[in-house]
Amino acid sequence: MSIRPFDKLPPTETLEIENGLSLVPRVKLILTVYPSISSSATKPIDEWKLKRALIDFLKTSLSVSITVPEEDLEIRRYKDLKKRKRDDPVAHGTLCIRDLGFLNSGKDKDEDLKVLEKKLLDWRKYIVENMDGIELNLEGFKYKLSVAVPESDDFEGMKKAWEEFYAFGSRGYSRGGRQEPDTIIVRGVPSRWFAEPRVSSKPSLLVTHTIFSAFGKIRNLNVAEDDDHGKDADEDGGDIISGLHCKIVVQYEKHGDFYNALKILCGRSLQKMQHHLCQNVSKGLD
């Protein structure tokens, strides 16, 4: 566990937590691929060629060369393309960029936290602006790429949303005192990572509580199977095996602990034994 206070943790620093897990910094982007010409709309896209084109773009077309391992770029194509509309996407996926060391290249090792946070956000904005709308030519079949930051990685966006919700959502009625969010929802995480070793493959409340209580005192905790998360009926892929993933709902007693935990989870992947996971995080407004 890091000895830094959570509110002083740089966005490029890994945080070691309990049960052999760590939270590793990364930039996550949502990718959507659209056909540019009519022939591309009905032709099943070649995921491997698309991956190679995007990996080459990141390595050669930006101000800083970015090397992305193939496993950090996920592409899923849609099925039944002939039944879809001309402007419907043909594939979608995610990109995780973990090589962020260049952001710490300043001479001042104790660079101001706010400066480093702004540098990361500005660079993420630069990546989105340079990737969004590019045309990909895969051996005569042309596609257009749409790129966006997922809501679960946009901490400032979520913060603005909950401030507006509590300021205007009650329409002037208050249940007493200042209202602030306190609940975090983590979805699509491997159940075995939160299980008791050699006891069960199912997530354990005890193990999960130990992990998330590192951020503060927990009021309520719930863990359940999450087999439907990320499942799309239009995807061209196999069935999801039941019980592999879980959904964790954590309610903290203090808003400050919720705030620090959410900020740390945004922009980081859960990792265990070198296996990365770009988990989805949201906040509760109840």
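The values are calculated or read from the model by the stated rules, or taken from the named source; none is laboratory data. Not measured: the values here are computed from a predicted model. Backbone-built Cβ (ideal geometry, glycine too); neighbour counts: all protein chains shown. Protein only, heavy atoms only, side chains kept; ligands, DNA and RNA dropped before computing areas. Shrake-Rupley method; radii C 1.70, N 1.55, O 1.52, S 1.80 Å.
Details
- Enumeration of residues in segment 129-142 that are surrounded by 15 or more Cβ atoms within 10 Å (Cβ to Cβ) and either among the small types (Gly, Ala, Ser) or in a helix (DSSP H, G or I) (or both): ASN130, MET131
Here is a yes/no grid of residues against (1) farther than 18 Å from ILE264 by Cβ; (2) at pLDDT below 90; (3) in a loop (DSSP other than H, G, I, E, B):
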| position | (1), (2), (3) |
| --- | --- |
| LEU121 | no, no, no |
| ILE127 | yes, no, no |
| LYS144 | yes, no, no |
| VAL147 | yes, no, no |
| ARG175 | yes, yes, yes |
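- Residue in segment 196-226 that is modelled with the highest pLDDT, counting only those that are within 16 Å of GLY20 (Cβ to Cβ) and part of a loop (DSSP other than H, G, I, E, B): SER204
- Boolean, LYS82 is modelled with pLDDT under 95, surrounded by fewer than 17 Cβ atoms within 10 Å (Cβ to Cβ), touching a strand residue (DSSP E or B) at 6+ places or on another chain (Cβ under 7 Å) and not in a loop (DSSP other than H, G, I, E, B): no
- The numbered conditions (1) closer than 25 Å to VAL128 by Cα; (2) crowded, with 16+ Cβ neighbours inside 10 Å; (3) modelled with pLDDT under 80 are all true for PRO25 except (3).
Conditions (1) among the acidic types (Asp, Glu); (2) open to solvent by less than 30 Å² (accessible area, probe 1.4 Å); (3) in contact with a helix residue (DSSP H, G or I) (Cβ under 6 Å, 6 or more places away or on another chain); (4) modelled with pLDDT under 85, marked per residue:
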| site | (1), (2), (3), (4) |
| --- | --- |
| ARG178 | no, no, no, yes |
| PHE194 | no, yes, yes, no |
| GLY230 | no, no, no, yes |
| LYS247 | no, no, no, no |
| HIS255 | no, no, no, no |
| GLN279 | no, yes, no, yes |
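- Every listed requirement among (1) outside any loop (DSSP other than H, G, I, E, B); (2) of a type in the set (A, V, I, L, M, F, W, C); (3) modelled with pLDDT of 85 or more is met by ILE66 save one, (1).
- Selection count where residues are open to solvent by 80 Å² or more (accessible area, probe 1.4 Å) and among the hydroxyl-bearing types (Ser, Thr, Tyr), scope segment 197-215: 1
- Those residues of segment 38-62 which are exposed (fewer than 15 other Cβ atoms within 10 Å of the Cβ) and modelled with pLDDT under 90, in sequence order: SER38, SER39, THR42, PRO44
- Of all residues in segment 54-87, those satisfying the criterion of being farther than 17 Å from ILE134 by Cα and among the acidic types (Asp, Glu) are GLU70, GLU71, ASP72, GLU74, ASP80.
- Residue match in segment 100-114 (condition: at pLDDT 85 or above and hydroxyl-bearing (Ser, Thr, Tyr)): no
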